[in-house]
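The values are calculated or read from the model by the stated rules, or taken from the named source; none is laboratory data. Predicted model only: the values in this text are computed from it and were never measured. All Cβ positions, glycine included, derive from the backbone under ideal geometry; neighbour counts span all protein chains shown.
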Amino acid sequence: MDQPQKEKKQKWQPAPELSLSEQQAVRLQHLHALQEQGLDPYLMTKFTRPKNAAAIKEEYKNLQIEEEAPGSVSLAGRITAWRGHGKASFLDLTDLSDRIQLYFKLDVLGEEDYKRLSLADIGDLITVEGPVFRTKRGELSLRVTSWSIAAKGLIPPPEKFHGLSDIDTRYRQRYADLIANKEVREVFIKRSRIVSAIRSYLDERGYLEVETPAMSTVAGGAAARPFVTFHNALNTTMYMRIATELHLKRCIVGGMEKVYEIGRIFRNEGIDTRHNPEFTTIELYEAWTDYEGMMDLTEALIDHCCNEVLHKHQVTFMGHEVDLRPPYPRRTMDSLLQEYAHISLAELREPGRAKAKALELGVKLGNQEHTLAHLIDKIFEAACEEHLIQPTFVTDHPTELSPLAKRKASDPTLTERFELYVCGSELCNAFSELNDPFDQRRRFEEQQAQKDIDEEAHPIDEDFINALMYGMPPTGGMGMGIDRLVMLLTEQNSIRDVLLFPLMKTIGAAGGKDDK
């Protein structure tokens, strides 16, 4: 970039002699000076900019050294760097697409407009117009002929425009993180494109996107503790949804043969690198298919996202090189338990064997009583999950773990269910959906019988049983955590890095730290 002779290019940093409050005071003085001149930046309502910085760089990429293009362009963005003083200044303007250099010169702008530059600060949002040219040093730039401040940055931006070092501040003040860190913005741009890719893939295949209630009088569809609220007008307790499953299946009963919902889920659980109490899932259901059809669809959906958004299938995640090209291996839960825990599902059903194996594997059980489903789940987690690095479908879960899945005809103790694991973490869960209302009621009743020792057991959803009585066709269903998929595809190891505004403990509140 061009700069005055003998002056080295430097990243902007706050003047060391000024405290943060003093810097804010200076910026406030600049604002008042602008307002006194009748140039209040907050009065601007609209600015037409046909192209962004990236588009301008692309259009004029063939300009030669010291060549100036005819005409003028308009841009708007944030000041992110400043070099030079006196009669010429170089500023960097950054918008969502890219950064471009601006050239302010006294004899081009005139004394009044150039002098007004002294009232601008790093972080201000400005609008500029002028021709595009390439400097002697080869930097594509915009020679500013007119400009104005569109919003004053009264708080100085982070000292380094390559990210905030304090993790807590990054999450609490995501707006500052987004200003400072281009890589963070790119993660959320990719997130948006991943969700769009999922929608387009399903829409093209005849799926209908629907919306189901976020609150209901019965929590269900998953093993999770709900958030409880109260509806004053109806004088009744309500629950934030822990899954969209049961309402989406009602749509299948009603003849909507392919449906999906991308929506927020709320679970009153702990916070760690893979869990946030408020998160996003996609659940989809298709009549006349089964869990094997859902495996094919899951592979195709991930493959589509890789092609459309990443343009590659290899990612580095949790310290592992992962290849997302389908097809993925399909392993039964029983075979994995025998290989890594050296015990079969049949043996785990023998009285006392599950608890003994859990203790052998170092699972912390405490003094409370545990259901067989809970013990099997913990044993699989302790012994097997760490070995599932490359994408792997784990199939044929025991009925105790799968109250909403159809039994296998060849072995009624198992269900037609799979979970997709990547790097030891579950990415999605799917079933051949249980459509027998009598079997469904028995499973709900078995769950209810465990409510004294299982705080995640929920009341029977009588209306869902009633819906099944009308007849639900054979159906395959799949639920996937959008946040976990985005983590994988953007190579982020914490869910907080793919949530714009993760839940944070109130500063000064009692209790432990947010992250485990």
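Determine which member of the set Glu257, Glu261 is at pLDDT 95 or above, more than 21 Å from the chain's Cα centre (by Cα) and of a type outside the set (Phe, Trp, Tyr). Break it down stepwise before answering.
Working: Glu261 fails: more than 21 Å from the chain's Cα centre (by Cα).
Every option except Glu257 fails the conditions.
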Q: Filter the range 269-302 for residues that are assigned to a loop (DSSP other than H, G, I, E, B) and either surrounded by 21 or more Cβ atoms within 10 Å (Cβ to Cβ) or over 20 Å from the mean Cα position of the chain (by Cα) (or both) and give the result.
A: Asn276, Trp288, Thr289, Asp290
Q) Restricting attention to the range 146-164, does a residue exist that is in contact with a His (Cβ under 7 Å, 6 or more places away or on another chain), over 30 Å from Asp463 (Cβ atoms) and aliphatic (A, V, I, L, M)? A) no
**Q.** Count - residues of the range 26-73 that are assigned to a helix (DSSP H, G or I) and not acidic (Asp, Glu)
**A.** 18
Q. Got a sec? Which of Ile198, Ile194, Ile149 is surrounded by 20 or more Cβ atoms within 10 Å (Cβ to Cβ), at pLDDT 95 or above and more than 30 Å from the chain's Cα centre (by Cα)?
A. Ile149
Q: Select, from Arg241, Arg250, Arg193, Arg199, the only residue that is over 20 Å from His304 (Cβ atoms), in contact (Cβ under 8 Å) with a residue 60 or more places away in the chain, of a type outside the set (Val, Ile, Thr) and in the same structural domain as Pro459 (by TED's automatic domain parsing).
A: Arg250
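Could you check the range 316-410 for helices (runs of 4 or more DSSP H) lying wholly inside it with 1 or more residues that are out of contact with any His (no Cβ under 8 Å at 6 or more places or on another chain) and aromatic (Phe, Trp, Tyr)? Write out each step before concluding.
Values: elements: 333-336, 345-348, 353-360, 372-383.
Because the criterion is at least 1 residues that are out of contact with any His (no Cβ under 8 Å at 6 or more places or on another chain) and aromatic (Phe, Trp, Tyr), the helices (runs of 4 or more DSSP H) in the range 316-410 that meet it are 372-383.
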Q: Would you check which residues across the range 370-419 are crowded, with 20+ Cβ neighbours inside 10 Å, touching a residue at least 40 places away in the same chain (Cβ under 8 Å) and acidic (Asp, Glu) and list them?
A: Asp396, Glu416
Q. Are any of the residues in the range 68-89 of a type in the set (Lys, Arg), in contact with a helix residue (DSSP H, G or I) (Cβ under 6 Å, 6 or more places away or on another chain) and at pLDDT 95 or above?
A. no
Q | Of the criteria (1) within 26 Å of the chain's Cα centre (by Cα); (2) on the phi > 0 side of the Ramachandran plot, which one Ser425 fails | A | (2)
Q. Does Leu234 satisfy being aliphatic (A, V, I, L, M) and either under 15 Å from Ala430 (Cα atoms) or surrounded by 20 or more Cβ atoms within 10 Å (Cβ to Cβ) (or both)?
A. no
Q: Could you check Glu400 against (1) of a type in the set (D, E, K, R); (2) farther than 27 Å from Phe279 by Cα; (3) assigned by TED's automatic domain parsing to the domain that holds His275 and say which number it fails?
A: (2)
Q) Just for the range 441-461: of the residues that are assigned to a helix (DSSP H, G or I) and closer than 16 Å to Glu245 by Cβ, which one is modelled with the lowest pLDDT? A) Gln447
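Going residue by residue through the range 133-140, is there one that turns out to be assigned to a strand (DSSP E or B), basic (Lys, Arg), in the same structural domain as Ala53 (by TED's automatic domain parsing) and at pLDDT 95 or above?
Residues of the range 133-140 assigned to a strand (DSSP E or B): 133-134, 140.
Now drop any that are not basic (Lys, Arg), which leaves 134.
After this cut, where a residue has to be in the same structural domain as Ala53 (by TED's automatic domain parsing) as well, the list is 134.
With the extra rule that they be at pLDDT 95 or above, the set shrinks to 134.
Scanning the range 133-140, I find at least one residue that is assigned to a strand (DSSP E or B), basic (Lys, Arg), in the same structural domain as Ala53 (by TED's automatic domain parsing) and at pLDDT 95 or above, so the answer is yes.
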